[in-house]
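See below for the structure under consideration.
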Amino acid sequence: METIVDTRGLPRTWTLAHRPEAAGEARKMAERTLARWQVAPEIADPVLLVVSELVTNAVEHARPPLTLRLSRESATGRVRVEVTDGGPAATEGEWAASCGDDEHGRGLDIVDRVAAAHGDRLETGRAIHWADLTTAA
C-alpha cells in the first residue's frame, strides 16, 4: 500500500500507554492526522470510531506494548488503522473486569459495519489488528 507522507512531519505511528485513557488519546492523535491529510468527515468519523474500538479492545484483552498506526493510500483515499499489542492477556484487564457483560462484545461488530475490510494477524510476541475504511465504507 502506498502511503501519503504527512507534509507537516507528524508521525503516523504512536506508542500508547496501556490504560483505559489510551482510546481517547489515540482518537485525538488520529483526528489531528486525518485533518492534516484533509480526510473528509464521512470517512474521518468512522476511522475515529474504529481507532477507539481497536485500542479499547487491546487495553481490555491484550498485553502491552500498544501502538497505533495510520496510513492512507493515495490512489483510493483508503485509510488503514492498525493497532498492535503484545498478544492476548492471560486475564482481562481491570477496566474490562469493572464493566458489566452488557457493556462488552459490540466493538468488532461496529468495526465490521463501518470498515470495508478488517482482520488480524499474529506474529511472534504481538498481534496486529487492522481495518480499512474507504469512501464506500
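No lab work stands behind these numbers, since they all come straight from the coordinates. Everything quoted here is computed from the prediction, not taken from an experiment. Don't worry about glycine lacking a Cβ; one is built from the backbone with ideal geometry, like all the others, and counts go over all protein chains shown.
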Size of the dipole of the stretch 7-56 about the Cα centre, Lys and Arg at +1 and Asp and Glu at -1 on the beta carbon, nothing else charged, in debye to 20?
280 debye
How many nm is it between the label spots at Ala117 and Ala75, if each spot is 7 Å from the Cα in line with the beta carbon?
1.3 nm
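Please identify the GluC sites (Glu not before Pro) of the stretch 30-96 that satisfy two criteria: DSSP loop assignment and at most 15 other Cβ atoms within 10 Å. Which are they? Numbers along the way, then the final one.
On the way: sites: Glu31, Glu42, Glu53, Glu60, Glu73, Glu82, Glu92, Glu94; in loops: Glu92.
Within the stretch 30-96, the qualifying GluC sites (Glu not before Pro) (loop, at most 15 other Cβ atoms within 10 Å) are Glu92.
Any idea what the alpha-carbon Rg over 2.2 N^0.38 Å comes to for the stretch 14-57?
Numbers: Rg = 10.4 Å, N = 44, 2.2 N^0.38 = 9.3 Å.
So the stretch 14-57 has a normalised radius of gyration of 1.12.
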